[in-house]
Amino acid sequence: MTRHLPPLGRRGLLLGLSAGAVLGGARLALGAGPSGDPRLVVVLLRGALDGLAAVQPYGDPALAGLRGPLALAQPGEEEGLLDLGGFFGLHPRLPKLHAMYAANEAIALHAACGPTRSRSHFVAQDMLEIGAEQRLASGWLNRALAGLPGHEEGANRAAFAIGTDLPLIMRGAEPVGMYAPSRSDRPPPDLYAKLMEINHADPLTGPAIQEGLRARGFTAGVLPPDEQRGGFVELAGAAGRLMAAPGGPRVAALEMTGWDTHAGQNGRLRVVLAQLDNGLDALREHLGPAWARTAVLVMTEFGRTARVNGNGGTDHGTGSAAFLLGGAVAGGRVVADWPGLAEGRLYEKRDLMPTLDLRAVAKALLRNHLGLSPAAVAAAFPGSAAIGEKSGLLRA
């Protein structure tokens, strides 16, 4: 049997438990700095976001044949996509992100990927957080802290993290403390969906679990509206409050799990996308005036297959979508060197072809937003001299 779930350990929770890990495993790491400085937030979506669902290229003629039941309604139709300019559409469960896009405060980055082409969660997540094509003991965001202006005067002292474990992206020589938010005793909603997925073929446990959930008011792919919130929303709001405080942190890394959608993708994505949408809006709201000096990079370890599988889901792929948002972002557009979805254009005839290295985006944020020197950016991303900064992402 193919194993998709990482062991307990550095990740802290089973990745495949989707929104179950959103509540218990959502984590945040921060680095302190003067209150007037720019803010950078990196959100890691663990499990591989299906970028073709989050930012659907409805104008691509090959989409419908590949996606089948996963293809969403056109903009303007009931439960249709939120239009992003006539070719791409945002998933309808991302209305608050769409409002930021309309306010020129959000960019959709498509056909994006990290340093590796591995379809292993473990390898791809590690390389995305390390920021290199080889193993290192530290993450690129921690290495970047050493190059922040004012570091020599101790601007990064008293850095800390919210959560039960420190993500690799923030591990390294720079000090980062820990704080764990309280947990709700209520089981997270996607835990039920995962239990159904694991047990549906079992003649004994499958019917029993399905009947038990039906008796409690659940149906496959449908969850109550109040379950659209979760640990990530609470975590993002806390990050906003901390980063808005005088002398508060200026760099943060958040984690959200629940994106490994091998089965029942439409129903499961509705839940986690709504949580992401609410969480990003909570971050914006609680940052207050500091939002104008903030850039938020939302990214995932890899995308998912272009074709729908037999379980109404998608498998591990390559190219995906990412988001860049905040008051410091020159938004209101999709940034994509679109490769197309025709079979001859797919990566290994199965995945969205990656045309944007996420290190190019991160380098631009470190250099042009946080003000790191070229040498400090190079130290954050060793061995990547051929990857240039992506231009035009930030307001002048």
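No value in this document is a laboratory result; all are computed from the given coordinates. Keep in mind it's a predicted model, so treat the numbers as computed, not measured. When we count neighbours, we look across all protein chains shown, and the Cβ atoms used for this are built from the backbone with ideal geometry, even at glycine.
Run through region 299-391 and list the GluC sites (Glu not before Pro) located in a DSSP loop whose Cβ has at most 15 other Cβ atoms within 10 Å.
Loop-located and lightly packed - GLU348.
Between ALA146 and SER120, how high is the FRET efficiency from 1/(1 + (r/R0)^6) when r is the Cβ-Cβ distance and R₀ = 30 Å? Nearest 0.05. Please report the intermediate quantities before stating the final value.
Details: r = 29 Å, r/R0 = 0.98.
The pair ALA146/SER120 has a calculated efficiency of 0.55.
From the Cα gyration tensor of region 237-396, with a ≥ b ≥ c the square roots of its eigenvalues, which class applies: rounded if a/c is under 1.5, or else prolate if a/b is larger than b/c, or else oblate? List each step's numbers first, then the result.
Working: a/c = 2.30, a/b = 1.33, b/c = 1.73.
Taking the square roots of the gyration eigenvalues as a ≥ b ≥ c, region 237-396 is oblate.
FRET efficiency for ALA330 and SER373, Cβ-Cβ distance as r, R0 = 22 Å, nearest 0.05?
Details: r = 23 Å, r/R0 = 1.03.
For ALA330 and SER373, the calculated efficiency is 0.45.
If a/c stays under 1.5 just call it rounded; otherwise compare a/b with b/c (prolate if a/b is bigger, oblate if not). Do that for region 94-152, with a ≥ b ≥ c from the square roots of the Cα gyration tensor eigenvalues.
oblate
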